[in-house]
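One structure below.
The values are calculated or read from the model by the stated rules, or taken from the named source; none is laboratory data. In this text the structure is predicted, and so the values were computed from the model without any measurement. Here the Cβ positions follow ideal geometry from the backbone for every residue, glycine too, while neighbour counts run over all protein chains shown. Keep in mind that these areas ignore ligands, DNA and RNA; they rest on the heavy atoms of the full protein, side chains included. Shrake-Rupley method; radii C 1.70, N 1.55, O 1.52, S 1.80 Å.
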Amino acid sequence: MTFSIYNFGCKVNQYESQVMADLMIKNGYTLSENKEDAHIMIINSCTVTSVSDNKVMKLIRHLRRKNPDSIIVLTGCMPQAYPTMSEEFLQADIVLGNSKRAELPETVSSFLSDRKHIVNIHKYTKNSDFEITSVSNFEERTRAFVKIEDGCNRYCSYCIIPYARGPVRSKPLSVLKSEIANLASHGYKEIVLVGINLSAYGQDIGTHLCGAVDAVCNIDGIERVRLGSLEPERMDNDSISRLSKQDKFCPQFHLSLQSGCAETLKRMNRHYTPDEYEQIVNNLRTAFDNCSITTDVMVGFAGESEDEFSQSLEFVERIGFAKVHVFPYSQREGTTAAKRTDQVRNEIKAERSRIMIEACEHSRQAFLNSQIGRTEQVILEQLDSNGYWKGYTKNYTPVKLQYSDGKSGNIETVHIVRACEDYVVGEYIDKFCQ
Ligand code: SF4
(Lines give C-alpha, C1' and ligand atoms only; values in the text may rest on other atoms or scores of the structure.)
Protein backbone atom coordinates (compact mmCIF):
# COMPACT_ATOMS: atom_id res chain seq x y z
CA MET A 1 0.00 0.00 0.00
CA THR A 2 1.14 3.55 -0.68
CA PHE A 3 1.14 6.57 1.61
CA SER A 4 1.74 10.32 1.35
CA ILE A 5 2.40 12.98 3.96
CA TYR A 6 1.12 16.56 4.02
CA ASN A 7 3.19 18.65 6.38
CA PHE A 8 2.13 21.94 7.97
CA GLY A 9 4.01 24.30 10.24
CA CYS A 10 7.49 24.39 11.67
CA LYS A 11 10.76 22.53 11.18
CA VAL A 12 9.93 20.26 14.13
CA ASN A 13 6.83 19.08 12.27
CA GLN A 14 8.95 18.62 9.15
CA TYR A 15 11.31 16.38 11.12
CA GLU A 16 8.41 14.43 12.61
CA SER A 17 6.88 13.92 9.16
CA GLN A 18 10.17 12.38 8.09
CA VAL A 19 10.14 10.14 11.19
CA MET A 20 6.63 8.93 10.23
CA ALA A 21 7.71 8.36 6.62
CA ASP A 22 10.68 6.26 7.81
CA LEU A 23 8.38 4.27 10.11
CA MET A 24 5.86 3.56 7.36
CA ILE A 25 8.59 2.46 4.94
CA LYS A 26 10.13 0.17 7.57
CA ASN A 27 6.70 -1.43 7.97
CA GLY A 28 6.33 -2.21 4.28
CA TYR A 29 4.42 0.83 2.97
CA THR A 30 5.64 2.74 -0.10
CA LEU A 31 5.80 6.50 -0.54
CA SER A 32 3.31 7.43 -3.27
CA GLU A 33 4.60 9.23 -6.35
CA ASN A 34 1.38 11.19 -6.56
CA LYS A 35 0.30 12.44 -3.14
CA GLU A 36 -3.43 12.53 -3.88
CA ASP A 37 -3.48 8.95 -5.21
CA ALA A 38 -2.03 7.38 -2.06
CA HIS A 39 -3.97 4.69 -0.19
CA ILE A 40 -3.07 6.35 3.13
CA MET A 41 -2.80 10.15 3.42
CA ILE A 42 -1.20 11.46 6.57
CA ILE A 43 -1.78 15.09 7.54
CA ASN A 44 0.71 16.44 10.07
CA SER A 45 -1.12 19.54 11.29
CA CYS A 46 -0.12 22.83 12.85
CA THR A 47 -2.39 24.93 15.08
CA VAL A 48 -0.28 28.00 15.70
CA THR A 49 -2.96 30.26 14.14
CA SER A 50 -6.58 29.84 13.13
CA VAL A 51 -5.39 30.14 9.52
CA SER A 52 -3.36 26.94 10.01
CA ASP A 53 -6.46 25.13 11.36
CA ASN A 54 -8.53 26.28 8.39
CA LYS A 55 -5.92 25.08 5.91
CA VAL A 56 -5.84 21.63 7.55
CA MET A 57 -9.63 21.25 7.58
CA LYS A 58 -9.86 22.43 3.96
CA LEU A 59 -7.27 19.84 2.93
CA ILE A 60 -9.12 17.02 4.72
CA ARG A 61 -12.37 17.93 2.95
CA HIS A 62 -10.58 18.18 -0.40
CA LEU A 63 -8.82 14.80 -0.02
CA ARG A 64 -12.02 13.11 1.15
CA ARG A 65 -13.87 14.34 -1.97
CA LYS A 66 -11.00 13.56 -4.35
CA ASN A 67 -10.22 10.09 -3.09
CA PRO A 68 -13.16 8.81 -0.96
CA ASP A 69 -11.69 5.33 -0.41
CA SER A 70 -8.34 6.46 0.91
CA ILE A 71 -7.46 6.35 4.60
CA ILE A 72 -6.97 9.82 6.08
CA VAL A 73 -4.80 10.14 9.17
CA LEU A 74 -4.86 13.45 11.07
CA THR A 75 -2.02 14.02 13.50
CA GLY A 76 0.12 16.87 14.87
CA CYS A 77 -0.66 19.84 17.10
CA MET A 78 -4.25 20.49 16.06
CA PRO A 79 -5.90 17.32 17.46
CA GLN A 80 -3.53 17.39 20.43
CA ALA A 81 -4.46 20.97 21.41
CA TYR A 82 -8.16 20.72 20.52
CA PRO A 83 -9.15 17.06 21.11
CA THR A 84 -12.81 17.98 21.42
CA MET A 85 -13.17 19.19 17.82
CA SER A 86 -14.75 15.78 17.28
CA GLU A 87 -17.09 16.75 14.47
CA GLU A 88 -14.32 18.05 12.26
CA PHE A 89 -12.11 15.10 13.13
CA LEU A 90 -14.78 12.61 12.05
CA GLN A 91 -13.77 13.31 8.49
CA ALA A 92 -10.41 11.71 9.20
CA ASP A 93 -10.37 7.92 9.69
CA ILE A 94 -7.58 8.01 12.24
CA VAL A 95 -6.78 10.85 14.65
CA LEU A 96 -3.46 10.56 16.45
CA GLY A 97 -2.11 12.89 19.12
CA ASN A 98 1.48 14.11 19.05
CA SER A 99 2.73 11.47 21.46
CA LYS A 100 1.09 8.63 19.53
CA ARG A 101 2.77 9.06 16.18
CA ALA A 102 5.23 6.24 16.85
CA GLU A 103 2.17 3.93 16.83
CA LEU A 104 1.18 5.00 13.31
CA PRO A 105 1.87 1.71 11.43
CA GLU A 106 0.08 -0.44 14.06
CA THR A 107 -2.84 2.00 14.15
CA VAL A 108 -3.19 1.85 10.36
CA SER A 109 -3.15 -2.00 10.51
CA SER A 110 -5.80 -1.96 13.18
CA PHE A 111 -8.00 0.37 11.09
CA LEU A 112 -7.54 -1.86 8.05
CA SER A 113 -8.85 -4.86 9.99
CA ASP A 114 -12.25 -3.38 10.91
CA ARG A 115 -12.46 0.12 9.29
CA LYS A 116 -13.63 1.65 12.57
CA HIS A 117 -12.81 5.33 13.26
CA ILE A 118 -9.83 5.59 15.66
CA VAL A 119 -9.02 8.51 17.98
CA ASN A 120 -5.86 8.10 20.03
CA ILE A 121 -4.87 11.30 21.83
CA HIS A 122 -2.95 11.09 25.05
CA LYS A 123 -2.76 14.20 27.25
CA TYR A 124 0.79 15.18 28.24
CA THR A 125 1.70 15.18 31.93
CA LYS A 126 4.67 16.72 33.66
CA ASN A 127 6.31 13.29 33.64
CA SER A 128 5.98 12.71 29.90
CA ASP A 129 9.22 11.47 28.31
CA PHE A 130 11.00 12.59 25.18
CA GLU A 131 9.68 10.43 22.37
CA ILE A 132 12.88 8.85 21.05
CA THR A 133 12.90 9.25 17.29
CA SER A 134 15.60 9.50 14.70
CA VAL A 135 15.87 9.91 10.94
CA SER A 136 18.49 8.69 8.51
CA ASN A 137 17.26 10.53 5.43
CA PHE A 138 15.76 13.90 4.69
CA GLU A 139 14.11 15.52 1.70
CA GLU A 140 16.96 18.01 1.37
CA ARG A 141 20.14 16.23 0.35
CA THR A 142 22.78 18.34 2.08
CA ARG A 143 21.04 19.72 5.17
CA ALA A 144 19.12 17.76 7.82
CA PHE A 145 16.83 19.17 10.49
CA VAL A 146 17.12 17.22 13.72
CA LYS A 147 14.68 17.61 16.58
CA ILE A 148 16.41 17.58 19.94
CA GLU A 149 13.73 19.09 22.17
CA ASP A 150 9.97 18.95 22.53
CA GLY A 151 7.51 20.93 24.62
CA CYS A 152 7.46 24.33 26.28
CA ASN A 153 6.89 25.53 29.88
CA ARG A 154 6.74 29.24 29.15
CA TYR A 155 3.07 29.89 28.47
CA CYS A 156 3.38 33.06 26.43
CA SER A 157 -0.12 34.50 26.73
CA TYR A 158 -0.96 34.14 23.02
CA CYS A 159 0.38 30.65 22.45
CA ILE A 160 -1.45 27.31 22.45
CA ILE A 161 1.71 25.28 21.87
CA PRO A 162 2.42 24.28 25.51
CA TYR A 163 -0.99 22.56 25.45
CA ALA A 164 -0.18 20.80 22.17
CA ARG A 165 3.35 19.78 23.03
CA GLY A 166 3.52 19.30 26.80
CA PRO A 167 6.50 20.15 29.05
CA VAL A 168 10.15 20.50 28.00
CA ARG A 169 11.74 17.14 27.12
CA SER A 170 15.21 16.74 25.63
CA LYS A 171 16.86 14.12 23.45
CA PRO A 172 19.72 12.41 25.31
CA LEU A 173 23.16 13.28 23.93
CA SER A 174 23.99 9.62 23.27
CA VAL A 175 20.90 9.27 21.03
CA LEU A 176 21.71 12.54 19.27
CA LYS A 177 25.30 11.48 18.57
CA SER A 178 24.32 8.19 16.93
CA GLU A 179 21.57 9.88 14.88
CA ILE A 180 24.02 12.51 13.59
CA ALA A 181 26.73 9.91 12.86
CA ASN A 182 24.15 8.03 10.79
CA LEU A 183 23.15 11.18 8.90
CA ALA A 184 26.84 11.97 8.25
CA SER A 185 27.30 8.46 6.84
CA HIS A 186 24.42 9.21 4.43
CA GLY A 187 26.28 12.31 3.16
CA TYR A 188 24.65 15.08 5.20
CA LYS A 189 27.12 17.88 5.89
CA GLU A 190 24.90 20.42 7.59
CA ILE A 191 22.74 19.86 10.66
CA VAL A 192 20.07 22.24 11.96
CA LEU A 193 19.11 21.49 15.56
CA VAL A 194 15.45 22.31 16.15
CA GLY A 195 12.95 22.17 19.00
CA ILE A 196 9.66 23.64 20.12
CA ASN A 197 11.50 25.74 22.71
CA LEU A 198 15.03 24.91 21.61
CA SER A 199 16.67 27.27 24.13
CA ALA A 200 15.33 25.08 26.94
CA TYR A 201 17.18 22.03 25.60
CA GLY A 202 18.81 20.02 28.37
CA GLN A 203 17.13 21.63 31.38
CA ASP A 204 15.31 18.36 32.15
CA ILE A 205 18.36 16.10 31.69
CA GLY A 206 21.10 18.25 33.23
CA THR A 207 22.77 19.38 30.05
CA HIS A 208 22.76 22.50 27.86
CA LEU A 209 22.13 23.48 24.26
CA CYS A 210 25.83 24.29 23.83
CA GLY A 211 26.59 20.68 24.82
CA ALA A 212 24.41 19.47 21.95
CA VAL A 213 26.19 21.82 19.53
CA ASP A 214 29.62 20.60 20.75
CA ALA A 215 28.53 16.96 20.37
CA VAL A 216 27.37 17.48 16.77
CA CYS A 217 30.44 19.55 15.82
CA ASN A 218 32.66 16.66 16.97
CA ILE A 219 31.18 14.17 14.51
CA ASP A 220 33.31 13.44 11.45
CA GLY A 221 31.70 14.42 8.16
CA ILE A 222 29.58 17.20 9.64
CA GLU A 223 30.81 20.56 8.36
CA ARG A 224 28.15 22.96 9.63
CA VAL A 225 25.85 23.16 12.63
CA ARG A 226 22.98 25.64 12.91
CA LEU A 227 20.35 26.35 15.53
CA GLY A 228 16.63 26.86 14.97
CA SER A 229 14.55 29.53 16.72
CA LEU A 230 15.91 30.74 20.06
CA GLU A 231 14.53 32.64 23.01
CA PRO A 232 16.71 35.77 23.24
CA GLU A 233 17.29 35.92 26.98
CA ARG A 234 18.78 32.41 26.99
CA MET A 235 21.60 33.61 24.73
CA ASP A 236 23.75 34.67 27.68
CA ASN A 237 27.45 35.57 27.60
CA ASP A 238 28.58 32.04 28.49
CA SER A 239 26.56 30.50 25.67
CA ILE A 240 27.80 33.09 23.17
CA SER A 241 31.39 32.50 24.22
CA ARG A 242 31.06 28.70 23.99
CA LEU A 243 29.38 28.78 20.57
CA SER A 244 31.91 31.25 19.16
CA LYS A 245 34.71 28.74 19.82
CA GLN A 246 33.22 26.16 17.46
CA ASP A 247 34.48 26.60 13.88
CA LYS A 248 31.64 24.52 12.46
CA PHE A 249 28.96 26.58 14.20
CA CYS A 250 27.11 28.85 11.76
CA PRO A 251 26.60 32.48 12.85
CA GLN A 252 22.90 32.68 12.04
CA PHE A 253 20.60 33.43 14.96
CA HIS A 254 16.84 33.36 14.79
CA LEU A 255 16.00 35.27 17.98
CA SER A 256 12.27 35.30 18.56
CA LEU A 257 11.22 38.95 19.18
CA GLN A 258 7.40 39.08 18.78
CA SER A 259 7.28 42.80 19.63
CA GLY A 260 9.73 45.67 20.01
CA CYS A 261 7.52 47.38 22.61
CA ALA A 262 8.13 46.71 26.32
CA GLU A 263 4.46 47.00 27.32
CA THR A 264 3.30 44.61 24.60
CA LEU A 265 5.99 42.11 25.58
CA LYS A 266 4.75 42.19 29.19
CA ARG A 267 1.18 41.40 28.12
CA MET A 268 2.57 38.61 25.96
CA ASN A 269 4.31 37.18 29.05
CA ARG A 270 7.66 37.33 27.28
CA HIS A 271 10.63 37.55 29.62
CA TYR A 272 12.83 40.29 28.17
CA THR A 273 12.65 43.97 27.33
CA PRO A 274 13.57 45.53 23.97
CA ASP A 275 16.72 46.98 25.59
CA GLU A 276 17.81 43.55 26.79
CA TYR A 277 17.10 42.10 23.36
CA GLU A 278 19.18 44.79 21.69
CA GLN A 279 22.07 44.14 24.06
CA ILE A 280 22.02 40.44 23.15
CA VAL A 281 22.05 41.31 19.44
CA ASN A 282 25.05 43.59 20.02
CA ASN A 283 26.84 40.83 21.96
CA LEU A 284 26.27 38.39 19.10
CA ARG A 285 27.45 40.89 16.50
CA THR A 286 30.61 41.48 18.52
CA ALA A 287 31.34 37.78 19.04
CA PHE A 288 30.60 36.55 15.49
CA ASP A 289 31.95 38.09 12.30
CA ASN A 290 29.21 38.77 9.73
CA CYS A 291 26.46 37.07 11.71
CA SER A 292 22.86 37.30 10.56
CA ILE A 293 20.01 37.95 12.98
CA THR A 294 16.51 36.95 11.92
CA THR A 295 13.25 37.00 13.84
CA ASP A 296 9.46 36.70 14.09
CA VAL A 297 7.30 39.76 14.74
CA MET A 298 3.64 39.69 15.63
CA VAL A 299 1.43 42.69 14.87
CA GLY A 300 -1.98 43.54 16.31
CA PHE A 301 -1.60 41.64 19.58
CA ALA A 302 -4.47 42.27 22.02
CA GLY A 303 -4.30 45.85 23.29
CA GLU A 304 -1.57 46.94 20.86
CA SER A 305 -2.14 50.71 20.50
CA GLU A 306 -0.89 52.86 17.61
CA ASP A 307 1.91 54.06 19.87
CA GLU A 308 2.94 50.51 20.84
CA PHE A 309 2.97 49.48 17.20
CA SER A 310 5.15 52.50 16.32
CA GLN A 311 7.59 51.54 19.09
CA SER A 312 7.74 48.00 17.74
CA LEU A 313 8.29 49.23 14.17
CA GLU A 314 11.06 51.63 15.20
CA PHE A 315 12.79 48.88 17.15
CA VAL A 316 12.64 46.44 14.23
CA GLU A 317 14.06 49.11 11.90
CA ARG A 318 16.85 49.94 14.34
CA ILE A 319 18.00 46.34 14.77
CA GLY A 320 18.29 45.78 11.00
CA PHE A 321 17.27 42.14 10.79
CA ALA A 322 18.51 39.96 7.94
CA LYS A 323 15.00 38.54 7.58
CA VAL A 324 11.72 38.83 9.49
CA HIS A 325 8.63 36.67 9.52
CA VAL A 326 5.75 39.11 10.15
CA PHE A 327 2.37 37.72 11.13
CA PRO A 328 -0.88 39.11 12.56
CA TYR A 329 -1.94 37.98 16.04
CA SER A 330 -4.48 35.15 15.94
CA GLN A 331 -6.76 34.46 18.94
CA ARG A 332 -6.25 30.86 20.09
CA GLU A 333 -9.02 29.48 22.27
CA GLY A 334 -7.65 28.28 25.61
CA THR A 335 -4.96 30.96 25.92
CA THR A 336 -5.10 33.92 28.33
CA ALA A 337 -4.75 36.52 25.55
CA ALA A 338 -7.81 35.14 23.76
CA LYS A 339 -9.97 36.20 26.73
CA ARG A 340 -8.88 39.84 26.58
CA THR A 341 -11.54 42.33 25.57
CA ASP A 342 -9.15 44.76 23.88
CA GLN A 343 -8.68 42.79 20.64
CA VAL A 344 -7.41 44.71 17.62
CA ARG A 345 -9.67 44.84 14.55
CA ASN A 346 -8.62 42.70 11.55
CA GLU A 347 -8.32 45.72 9.18
CA ILE A 348 -5.87 47.33 11.59
CA LYS A 349 -3.87 44.12 11.86
CA ALA A 350 -3.72 43.89 8.06
CA GLU A 351 -2.52 47.49 7.74
CA ARG A 352 0.12 47.02 10.45
CA SER A 353 1.32 43.82 8.75
CA ARG A 354 1.72 45.72 5.49
CA ILE A 355 3.74 48.51 7.13
CA MET A 356 5.92 46.08 9.10
CA ILE A 357 6.58 43.85 6.07
CA GLU A 358 7.63 46.86 4.00
CA ALA A 359 10.11 47.96 6.69
CA CYS A 360 11.49 44.43 6.94
CA GLU A 361 11.97 44.21 3.18
CA HIS A 362 14.24 47.27 3.38
CA SER A 363 16.30 45.63 6.15
CA ARG A 364 16.51 42.43 4.13
CA GLN A 365 17.85 44.33 1.12
CA ALA A 366 20.34 46.24 3.29
CA PHE A 367 21.56 42.92 4.71
CA LEU A 368 21.99 41.35 1.26
CA ASN A 369 23.83 44.48 0.03
CA SER A 370 26.17 44.22 3.03
CA GLN A 371 27.34 40.81 1.76
CA ILE A 372 28.66 42.24 -1.55
CA GLY A 373 32.45 42.04 -1.74
CA ARG A 374 32.74 39.22 0.79
CA THR A 375 34.37 35.87 0.07
CA GLU A 376 32.36 33.04 1.60
CA GLN A 377 32.14 29.26 1.67
CA VAL A 378 28.95 27.97 0.03
CA ILE A 379 27.56 24.43 0.16
CA LEU A 380 26.08 23.80 -3.29
CA GLU A 381 22.55 22.39 -3.20
CA GLN A 382 20.64 22.48 -6.46
CA LEU A 383 21.21 23.45 -10.08
CA ASP A 384 18.29 25.49 -11.44
CA SER A 385 16.95 25.47 -14.99
CA ASN A 386 18.97 28.61 -15.85
CA GLY A 387 22.24 26.86 -15.03
CA TYR A 388 22.74 28.52 -11.63
CA TRP A 389 23.77 26.59 -8.56
CA LYS A 390 22.00 27.58 -5.37
CA GLY A 391 23.54 27.24 -1.94
CA TYR A 392 23.96 29.03 1.36
CA THR A 393 26.82 30.76 3.15
CA LYS A 394 27.49 30.07 6.82
CA ASN A 395 25.21 32.93 7.87
CA TYR A 396 22.46 31.50 5.64
CA THR A 397 22.63 34.05 2.83
CA PRO A 398 21.21 32.38 -0.30
CA VAL A 399 23.76 32.51 -3.13
CA LYS A 400 23.41 31.75 -6.84
CA LEU A 401 26.42 31.12 -9.03
CA GLN A 402 27.32 29.70 -12.41
CA TYR A 403 29.88 26.94 -12.12
CA SER A 404 30.05 24.17 -14.69
CA ASP A 405 31.97 21.76 -12.43
CA GLY A 406 29.54 22.16 -9.51
CA LYS A 407 28.28 19.15 -7.58
CA SER A 408 25.59 19.00 -4.93
CA GLY A 409 27.14 18.87 -1.46
CA ASN A 410 30.48 20.39 -2.49
CA ILE A 411 31.76 23.32 -0.48
CA GLU A 412 33.07 26.08 -2.76
CA THR A 413 34.69 29.44 -2.19
CA VAL A 414 32.60 32.21 -3.69
CA HIS A 415 33.07 35.94 -4.11
CA ILE A 416 29.78 37.81 -3.74
CA VAL A 417 29.35 40.40 -6.48
CA ARG A 418 25.73 41.48 -6.54
CA ALA A 419 22.51 41.45 -4.49
CA CYS A 420 19.11 40.66 -6.01
CA GLU A 421 15.69 40.73 -4.36
CA ASP A 422 16.07 37.65 -2.18
CA TYR A 423 19.54 36.27 -2.84
CA VAL A 424 23.03 37.32 -3.82
CA VAL A 425 25.03 36.39 -6.90
CA GLY A 426 28.52 35.02 -6.47
CA GLU A 427 31.50 34.05 -8.60
CA TYR A 428 33.38 30.82 -8.09
CA ILE A 429 36.97 31.27 -6.93
CA ASP A 430 39.38 28.54 -7.98
CA LYS A 431 41.04 27.15 -4.84
CA PHE A 432 44.41 27.12 -6.60
CA CYS A 433 44.23 30.79 -7.56
CA GLN A 434 43.36 32.17 -4.13
S1 SF4 B 1 8.15 30.10 24.04
FE2 SF4 B 1 6.13 31.04 24.01
S3 SF4 B 1 5.70 31.25 21.82
FE4 SF4 B 1 7.31 29.72 21.98
S5 SF4 B 1 6.23 27.73 22.07
FE6 SF4 B 1 6.61 28.41 24.18
S7 SF4 B 1 4.72 29.46 24.77
FE8 SF4 B 1 4.73 29.33 22.52
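Over the chain, with every protein chain in place, what whole percent of the accessible area is carbon and sulfur at 1.4 Å, could you tell me? Show your work: numbers first, answer last.
Numbers: 9410 of 19370 Å².
Roughly 49 percent, rounded to a whole number.
For Val399, what charge total do you get from the other residues with a beta carbon under 13 Å from its beta carbon, if Lys and Arg give +1 and Asp and Glu give -1? Summing Lys/Arg as +1 and Asp/Glu as -1 gives -1.
How far, in nm, would the chain grow between Glu333 and Glu106 when pulled straight, counting 0.36 nm per residue and subtracting the alpha carbon separation?
Working: separation 227, 0.36 × 227 = 81.72 nm, distance 3.23 nm.
Gain on extension, Glu333 to Glu106, equals 78.5 nm.
Shape class of the stretch 375-433 from the alpha-carbon gyration tensor: rounded, with the ratio a/c of largest to smallest axis under 1.5.
Simple point charges give the picture: +1 on the Cβ of Lys and Arg, -1 on the Cβ of Asp and Glu, and for the chain a dipole about the Cα centre of about 640 debye. With R₀ fixed at 41 Å, the C-beta to C-beta distance from Glu233 to Arg141 puts the FRET efficiency at about 0.70.
Cross-link partners of Lys407 among aspartates and glutamates, defined as those whose alpha carbon lies under 18 angstrom from its own and excluding same-chain residues fewer than eight positions apart: Glu139, Glu140, Glu190, Glu223, Glu376, Glu381, Asp384, Glu427, Asp430.
Once amide H atoms are built 1.01 Å from N in the peptide plane, which residues 5 or more positions from Phe3, or in another chain, come under 5 Å H to H? For Phe3, whose amide H was placed from the backbone, the distant partners under 5 Å are Thr30, Leu31, Ser32, His39, Ile40. Karplus-derived 3J(HN,Hα) values for the stretch 96-102, using 6.51 cos²θ - 1.76 cosθ + 1.60 with θ = phi - 60°, are 10, x, 4, 7, 10, 5, 5 Hz; glycine and proline are entered as x. Phi angles of the stretch 293-301 translate, via the Karplus equation with coefficients 6.51, -1.76, 1.60 and θ = phi - 60°, into HN-Hα couplings of 10, 10, 7, 10, 10, 9, 10, x, 4 Hz per residue; Gly and Pro are given as x. FRET efficiency for the pair Ser244 and Glu131, taken as 1/(1 + (r/R0)^6) with r the Cβ-Cβ distance and R0 = 30 Å, rounds to 0.40.
Taking amide H positions as modeled 1.01 Å from N, with prolines and chain starts lacking one, the residues under 5 Å from Ser229 and 5 or more places away or on another chain are Gly195. For Lys394, the lysines whose Cα falls under 16 Å of its own Cα, not counting residues fewer than eight places away in the same chain, are Lys189, Lys245, Lys248, Lys323. For the chain, the percent of C-alpha pairs falling in each 20 Å distance bin, counted from 0 to the bin holding the largest distance, reads 24, 57, 20, 0.
The calculated 222 nm mean residue ellipticity attributable to helices in the chain amounts to -10500 deg cm²/dmol, summing -39500 (n - 2.57) over DSSP H runs of n ≥ 4 and dividing by all residues.
For Lys66, the lysines whose Cα comes closer than 25 Å to its Cα, not counting residues fewer than 8 places off in the same chain, are Lys35, Lys55, Lys58, Lys116. Amide H contacts under 5 Å for Phe249: Val225, restricted to partners 5 or more places along the chain or on a different chain, H placed in the peptide plane at 1.01 Å from N.
Counting only heavy atoms of protein chains, what accessible area per residue, in Å², does the chain have with a probe of 1.4 Å? Display every interim value, and only then the final one.
Numbers: 19370 Å² over 434 residues.
On a per-residue basis, 45 Å².
Couplings 3J(HN,Hα) for the stretch 38-43, derived from phi with the Karplus relation 6.51 cos²θ - 1.76 cosθ + 1.60 (θ = phi - 60°), are 5, 6, 10, 10, 9, 10 Hz, where x marks Gly and Pro.
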